[in-house]
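Quick notes on the structure that follows.
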Amino acid sequence: MRDALDIGIVGAGTAGSAAALLLARAGHRVTVYERVPAPSAVGAGIVLQPTGQSVLARLGLLGPILERGARIDRLRCETDRRRVVVDISYADVDARLFGIGLHRGVLFEALFDAARAQEGVRVELGIEITGCELEHDRRVLVDTRGERHGPFDLIVVADGAGSRITSSDVERRVAHYAWGALWCVLPDPEQVYRGELYQVVRGAQRMLGLLPTGRGPGERAENVVSLYWSVRADAVERWREEGLAAWKDEIVRLEPRAARVLDAIDSPERVLFAAYRDVVMPRWHGARMVWLGDAAHAMSPQLGQGANLALWDAMSLADAIEAHPTLDGGLRAYSRVRRPHLGFYQLATRWLTPFFQSDAAALGWMRDALMPLGLAIPYVRRRMVRSMAGIERGLVRAALPVGAVIPRLPR
């Protein structure tokens with residue numbers, strides 16, 4: 001084991017809490033700073049892919065997640081005329097693979113509660129970090145009140161796509177997508193939606209998604225489904241002003257079964273908007289600093305990889321630091337090992353998003369015509385499934401071995 005480090009982590013979300021657990025268990029002293037005074041289990045549904053599942057299994061947290069989540073075996077996307085665009089199953093690559101539809105709040109509770117209970121981790125709430133300074137070869141964090149925290153041997157920046165923490169030796173570029181999604185989590189006690197992530201599209205301007213999300217946070221939580229509706233960011237206020245009736249009617253025309261879950265939407269305030277950012281960095285480390293999760297590589301959620309990549313980031317960082325005698329060597333190894341994996345998903349989501357969310361009518365037509373033809377080719381189909389499972393690493397690099405992401409649960 002290498003010498004223990006004093007590590008400051010900014011953000012207690014997926015990447016931050018997972019990193020805190022893994023680094024503290026490796027013997028380091030960790031302090032987590034979270035700007036929210038009383039963090040709660042909020043958010044929409046996510047798909048926990050085999051990559052994310054394997055990290056949670058390593059942390060000993062997968063069992064409770066499996067109990068709360070909904071098993072997902074396939075992704076199915078149809079046009080409004082019921083022409084199949086995509087229909088792929090994890091079993092096309094390996095029968096042991098599956099996804100888990102999960103309320104983001106359930107994942108947050110599992111990681112955050114474990115981090116707070118972990119020896120070697122201190123969690124400071126209600127402190128918003130906005131700056132980081134290098135001082136005598138160590139790092140000091142600065143909050144909104146000008147107070148200083150530290151010093152630390154290493155700072156982990158994990159406070160999301162909107163992070164304001166920068167370093168003079170690393171460039172970080174952020175671009176905003178014109179499109180985002182309206183979303184809400186709806187009761188589905190009859191489990192109308194189960195076993196698949198289902199989408200309906202009309203051109204590139206309409207996309208409805210319905211994700212079985214298991215049981216939400218709380219002891220008496222019922223089964224829920226997450227609904228997503230593609231929308232331009234500059235059209236959200238107009239949507240709120242127009243009311244719900246016409247919107248619900250359009251949803252039911254696209255997907256009649258949705259009528260059985262829509263009654264819970266009784267006001268526009270029940271529906272939230274998620275904006276997308278694209279974060280690009282030439283490398284994910286600087287002098288005694290490293291970026292994880294959306295702070296490092298936020299992207300459109302078309303491939304559903306955000307939380308999974310964040311979990312894999314945290315594991316990769318802890319392993320890289322453990323494997324190298326110097327911190328700088330560990331950080332350089334982290335950026336090197338993450339480059340093919342993250343590079344593939346950033347490129348793939350940038351390329352794929354306009355075919356599902358854009359003003360270009362021709363792209364919707366091309367998608368509907370060409371994707372079914374491509375998926376009829378076994379090689380293309382396998383690559384699509386590996387992309388869905390989170391294990392692809394580019395056209396010329398081998399995918400992560402399936403055996404490396406099969407969760408190992410304690411007997």
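Computed values, structure above
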read-out: Sum of -39500 (n - 2.57) over DSSP H runs of 4+, divided by residues of the chain (222 nm, nearest 500); value: -11000 deg cm²/dmol
read-out: Within the accessible area of the chain (1.4 Å probe), percent carbon and sulfur; value: 52 percent
read-out: Relative contact order computed over the chain (Cα-Cα under 8 Å; 6+ residues apart), in percent; value: 23 percent
read-out: Relative counts (whole %) of C-alpha pair distances in region 187-275, using bins that are 10 Å wide; value: 15, 49, 31, 6, 0
read-out: The chain, dipole about Cα centre (Lys/Arg Cβ +1, Asp/Glu Cβ -1), debye to the nearest 20; value: 1260 debye
read-out: Tail weight of P(r) past 20 Å, computed on alpha-carbon pairs of region 232-302, percent; value: 53 percent
read-out: For the chain, share of DSSP beta bridges that run antiparallel, in % to the nearest 5; value: 70 percent
read-out: Binned Cα-Cα distance frequencies in region 303-411 - 10 Å width, integer %; value: 12, 35, 31, 15, 6, 1
read-out: At 1.002 mPa s and 20 °C, Stokes D of region 26-144 from Kirkwood alpha-carbon radius, µm² per second; value: 122 µm²/s
read-out: Centroid-to-centroid separation of region 167-201 and region 357-411 [C-alpha atoms, Å]; value: 18 Å
read-out: Stokes-Einstein D for the chain, Kirkwood Rh over Cα pairs, 4 °C, 1.567 mPa s (µm²/s); value: 59 µm²/s
read-out: Relative contact order (%) - criterion: Cα under 8 Å, at least six apart; region: region 1-67; value: 29 percent
read-out: Under the span-like rule (Cα at least 27 Å along the axis, Kyte-Doolittle mean at least -1.0), DSSP H helices of the chain; value: 327-356
read-out: In order through region 224-241: 3J(HN,Hα) via Karplus (6.51 cos²θ - 1.76 cosθ + 1.60), integer Hz, x for Gly, Pro; value: 9, 10, 9, 10, 10, 9, 5, 7, 5, 4, 7, 10, 5, 5, 4, 4, 5, 6
read-out: Rh (Kirkwood; distinct C-alpha pairs) - region 15-82, Å; value: 15.2 Å
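The values are calculated or read from the model by the stated rules, or taken from the named source; none is laboratory data. On a predicted model such as this, the values are computed, not experimentally measured, just so you know. In this analysis, Cβ positions are derived from the backbone assuming ideal geometry, glycine residues included, and neighbour counts consider all displayed protein chains. For the accessible areas, the whole protein counts, side chains as well, though only heavy atoms, and no ligand, DNA or RNA atoms are used. Shrake-Rupley method; radii C 1.70, N 1.55, O 1.52, S 1.80 Å.
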